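Step one of this worksheet: look at the structure below.
The values are calculated or read from the model by the stated rules, or taken from the named source; none is laboratory data. Everything quoted here is computed from the prediction, not taken from an experiment. Methodologically, a virtual Cβ is constructed for each residue, glycine included, from the backbone with ideal geometry; neighbour enumeration extends over all protein chains shown. Accessible surface is based on the protein model in full, side chains and every heavy atom, while ligands, DNA and RNA are left aside. Shrake-Rupley method; radii C 1.70, N 1.55, O 1.52, S 1.80 Å.
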Amino acid sequence: MTNMSNKIAVGLSGGVDSSVAALLLKRQGYDVSAIFMQNWNDATGTLHGDCEWEEELSVARMVAKKIDIPFYFVDLSAEYRSRVVDYMFAEYAAGRTPNPDVLCNSEIKFDAFLKHAEYLGADMVATGHYCRKDEFTDAGGNTVYRLLAGSDTNKDQSYFLCQLNQEQLSKALFPIGHLTKPEVRAIAREAGLPSADKKDSQGICFVGKVDLPVFLQQQLKAREGEAVVIPRRFYDGRPAPETLEQMAEPVVYSRTDGIVAGRHDGVQFYTIGQRHGLNIGGHKEPLFVIAKDPGENILYLGEGASHPGLYRPALFIRKEEIHWIRPDQRMAPGDERSCLVRIRYRQPLQNGRLVCRSEGMYIVFEQQQRGITAGQFAAWYASDGELLGSGVINR
């Protein structure tokens, strides 16, 4: 367990969650300091103006003063650009849809930020994530850390931490993981914290809410292409998939399988399952993106939320992309295990089966999943809410 003599650095963002995390640690007797991270200062494509981070900094300073803890500022924008934003641009350029918030945690908050905190003398770092951590000693006398879902099921953020490792968890604290959001706000109001009624941040971690196509056009050029609607009759008579490989393989369409219904600015600006921003009318039900062909720059669409092109029974993760938070839970080729899975933040946990093969991991779902998207993360949990591992969806 954490020793009270430890020095704790809180990543203080100016939001209510990290503010209450700092307050609780101070009340518990820890030697607490606050560090504000500036990770992005380019307002191109953002929807809230160019001074948002400065406003956050101002609130964070006031919170630290109110709590009476030392306050520091660190500029990690170079690391954030090279390790998160460049990765994000590269993934979109390849026709995939990345999750930069997951990388922000594993590469920035619990790596670059952790190193800076240690440089300032901190032993551990704390954040305002809604998740929990505990630990046990294994038969060999080694401490094993467990990452658990937050008690507030509406705010559980464990998914965003699905790429953390044992070393990172050993230095991490999540002081509000046992609380609900209303409880956190009540604590902040009772303490008179300046962030008590501040709205939750939205959008990309540290960048904010963005107009994604405008944001991506900083590096990715628009390239007009055809949007093709695939009719439901395309699936009539198609044999049901039988093997793991078939179940995890997306349907491949060609231009002649459907009807050209409009134009788009480049498949890299769209994601599987997307409904808004297509600007194509004349259909009884809404259109959804069901597939992308980056080579031919064709966007394939399906009409209606129940369109079969939106659903798939399985996904595949390459062996190089499999990550285990608990190495002792690692599976070997040939192993199978029932688990709970989510393929996006806030998605209710889904019943599934992990099937480990020499080439990677297949996840077969009890119910077909909507919008399985290459580049996103699949995270798998034990029945008690422990997050065991994750991987980048390959297909």
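Taking the stated definitions as given, is Ile393 open to solvent by less than 10 Å² (accessible area, probe 1.4 Å), within 14 Å of the chain's Cα centre (by Cα) and either modelled with pLDDT under 95 or closer than 13 Å to Ala248 by Cα (or both)?
Criteria met by Ile393.
Would you pick out the residues in the range 100-123 that are touching a helix residue (DSSP H, G or I) at 6+ places or on another chain (Cβ under 8 Å) and not aromatic (Phe, Trp, Tyr)?
Selection gives Pro100, Asp101, Val102, Leu103, Cys104, Asn105, Ser106, Glu107, Ile108, Asp111, Ala112, Leu114.
Among the residues of the range 85-128, how many are among the hydroxyl-bearing types (Ser, Thr, Tyr), over 12 Å from Gly375 (Cβ atoms) and touching a residue at least 24 places away in the same chain (Cβ under 8 Å)?
Final tally of qualifying residues: 2.
Looking only at the range 343-372, filter to residues that are among the polar types (S, T, N, Q) and modelled with pLDDT of 95 or more; which one of those is surrounded by the most Cβ atoms within 10 Å (Cβ to Cβ)?
Checked the range 343-372; the qualifying residue surrounded by the most Cβ atoms within 10 Å (Cβ to Cβ) is Gln369.
In the range 374-385, what count of residues is obtained for those that are within 18 Å of the chain's Cα centre (by Cα) and open to solvent by 10 Å² or more (accessible area, probe 1.4 Å)?
3
In the range 152-198, what residues are in a helix (DSSP H, G or I), open to solvent by 10 Å² or more (accessible area, probe 1.4 Å) and within 25 Å of Ser58 (Cβ to Cβ)?
Lys181, Arg185, Ala186, Ile187, Arg189, Glu190, Ala191
Within the range 284-339, which residues are open to solvent by 70 Å² or more (accessible area, probe 1.4 Å) and closer than 30 Å to Ile230 by Cβ?
Lys284, Glu285, Glu296, Ser306, Tyr311, Arg318
When you scan the range 276-285, do you find a residue that is among the charged types (D, E, K, R) and over 19 Å from Asn99 (Cβ atoms), even just one?
yes
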